[in-house]
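The values are calculated or read from the model by the stated rules, or taken from the named source; none is laboratory data. For clarity, every value in this text was computed on a predicted model and none was experimentally measured. Positions of Cβ are generated from backbone atoms using ideal geometry, with glycine treated the same way; all protein chains shown enter the neighbour counts.
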Amino acid sequence: MSNLDRAPVPSVCGGRGFVVAEPVRELLSPRHVKLGESTEVRRLLPNLGRRMIGAWAFVDHYGPDDIADEPGMQVPPHPHIGLQTVSWLHEGEVLHRDSTGSRQTIGPRQLGLMTSGRAISHSEESPRPHARHLHGAQLWVALPDEHRHTDPKFEYHPDLPTVTATGLTATVLLGSLDGSVSPGTTYTPIVGADLALRRGTEARLPLEPDFEYGVLAMSGEVHVDGVPVLPGSMLYLGCGRSELPLRAESDAGFMLLGGEPFAEELIMWWNFVGRTQAEIEQAREDWMKGSRFGEVKGYDGLPLPAPELSTVPLKPRGWVR
Ligand code: MN
């Protein structure tokens, strides 16, 4: 998905100054953002008090929406630099097309992983016909400096490894959990796992003490380290944990996101992750004049124009808590 915000505010992220070194329980409220006509998403990252969790730099949760009589998701071709996008569904499907020639329908608990590298463009839409309900998350992973100019590519992994225990199924979408390793390409030490817990289940998830973590609740009611986390909100957990106590008050679905704290400072604006304002301006200009980002074939509609970019220089201080 794209950041369709027509007046995006630049956001300065990363750097170890933002990271909480010890375990914390910090509840993040979503910001409600309208995407086009019919879709509203809950944005958890970047958040007023928290920019990143490891290399995870952007988290939107959407649905469950009844789209039986709606077009559903309709995100026209738009560009990305400096990141990976993760499409993750609990219900419904999304048809992905990109400038490397990919055309792939992604279903529930299948991984659509797009590495933009230096430049890519893509579209995302609900196929026709489509399932009645659409429920998922759109996530971005920032690429480290040494890999951010890599070639663009798209990976589709329909069969991901799972970790199971009584009442618990964890699907590993990125990195590893309890010895199970995702086939998705990663560029920093990171983990992304989807968890389904049956009502009444108590579990302890093994964690890496050097990682920082957060939990995004998607359905049901889960208590994370004793804190109830309701769908559409996120609990930031800090670093320094070797396990995470979970309890499901009802059948619950949620995501565990974590990683080694992202040491580089970066600038996010619209669909771009860069290091300098000049780089962001150049990417915007290249997109608007139709160069560098290739072409998305087959999407029924015009590409998305970039919003205006303020010429006021970005000031990192003041954006951080
Ligand atoms: Mn996108």
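So which residues in the range 182-227 are at positive phi and over 21 Å from the mean Cα position of the chain (by Cα), if there are any at all?
Gly200, Asp225, Gly226
Would you be able to tell me the number of residues in the range 166-179 that are under 20 Å from His90 (Cβ atoms) and assigned to a strand (DSSP E or B)?
The number of residues fulfilling the criteria is 8.
Those residues that are under 29 Å from Glu295 (Cα atoms) and part of a loop (DSSP other than H, G, I, E, B), I need them from the range 37-54; list them, please.
If the condition is that a residue be under 29 Å from Glu295 (Cα atoms) and part of a loop (DSSP other than H, G, I, E, B), then Glu37, Ser38, Pro46 are the ones that fit.
Which one is nearest to the ligand (Cβ to nearest atom), of the residues in the range 18-38 that are among the small types (Gly, Ala, Ser) and at pLDDT 70 or above?
Taking the candidates together, the pick is Ser29.
For the range 122-135, which positions are over 24 Å from Thr100 (Cα atoms) and either aliphatic (A, V, I, L, M) or in contact with a strand residue (DSSP E or B) (Cβ under 7 Å, 6 or more places away or on another chain) (or both)? Let's see the steps before the verdict.
First pass over the range 122-135, keeping only residues over 24 Å from Thr100 (Cα atoms): 129-135.
Correct list: Ala131, Arg132, His133, Leu134, His135.
Name the single residue, out of those in the range 110-156 being aromatic (Phe, Trp, Tyr) and within 12 Å of the ligand (Cβ to nearest atom), that is surrounded by the most Cβ atoms within 10 Å (Cβ to Cβ). Can you show your working first?
Filtering the range 110-156 down to residues aromatic (Phe, Trp, Tyr) leaves 140, 154, 156.
Of the ones still in play, those that are also within 12 Å of the ligand (Cβ to nearest atom) are 140, 154.
Numbers: Trp140: 26, Phe154: 21.
Among those residues, the one meeting the criterion is Trp140.
Right, Leu174: modelled with pLDDT of 95 or more and either of a type in the set (Phe, Trp, Tyr) or within 16 Å of Arg241 (Cβ to Cβ) (or both) or not?
Criteria not met by Leu174.
Among (1) touching an Asp or Glu at 6+ places or on another chain (Cβ under 8 Å); (2) under 21 Å from Trp56 (Cα atoms); (3) among the β-branched types (Val, Ile, Thr), there is one condition Val215 misses while meeting the rest; what is its number?
Going through (1) touching an Asp or Glu at 6+ places or on another chain (Cβ under 8 Å); (2) under 21 Å from Trp56 (Cα atoms); (3) among the β-branched types (Val, Ile, Thr) one by one, Val215 breaks only (1).
Of the residues Ile120, Ile53, Ile81, Ile106, only one is touching a helix residue (DSSP H, G or I) at 6+ places or on another chain (Cβ under 6 Å) and hydrophobic (A, V, I, L, M, F, W, C); which?
Among Ile120, Ile53, Ile81, Ile106, only Ile81 is touching a helix residue (DSSP H, G or I) at 6+ places or on another chain (Cβ under 6 Å) and hydrophobic (A, V, I, L, M, F, W, C).
Which ones in the range 71-94 are under 17 Å from the mean Cα position of the chain (by Cα) and more than 13 Å from the ligand (Cβ to nearest atom)? Full working, then the answer.
The first filter runs over the range 71-94 and keeps only residues under 17 Å from the mean Cα position of the chain (by Cα), leaving 73, 75, 78-91, 93-94.
Within the range 71-94, Trp88, Leu89, His90, Glu91, Glu93 qualify.
Can you tell me which of Ala57, Ala68 is assigned to a strand (DSSP E or B) and either within 16 Å of the ligand (Cβ to nearest atom) or surrounded by fewer than 19 Cβ atoms within 10 Å (Cβ to Cβ) (or both)?
It is Ala57.
So Thr171 clears everything in (1) free of Cβ contacts under 8 Å to residues at least 60 places away in the same chain; (2) buried (at least 22 other Cβ atoms within 10 Å of the Cβ); (3) touching a Lys or Arg at 6+ places or on another chain (Cβ under 8 Å) except one condition, right? Which one?
(1)
Determine if the range 74-83 includes at least one residue that is more than 20 Å from Pro307 (Cβ to Cβ) and either not in a loop (DSSP other than H, G, I, E, B) or not charged (D, E, K, R) (or both).
Filtering the range 74-83 for residues more than 20 Å from Pro307 (Cβ to Cβ) gives none.
No - not one qualifying residue is present in the range 74-83.
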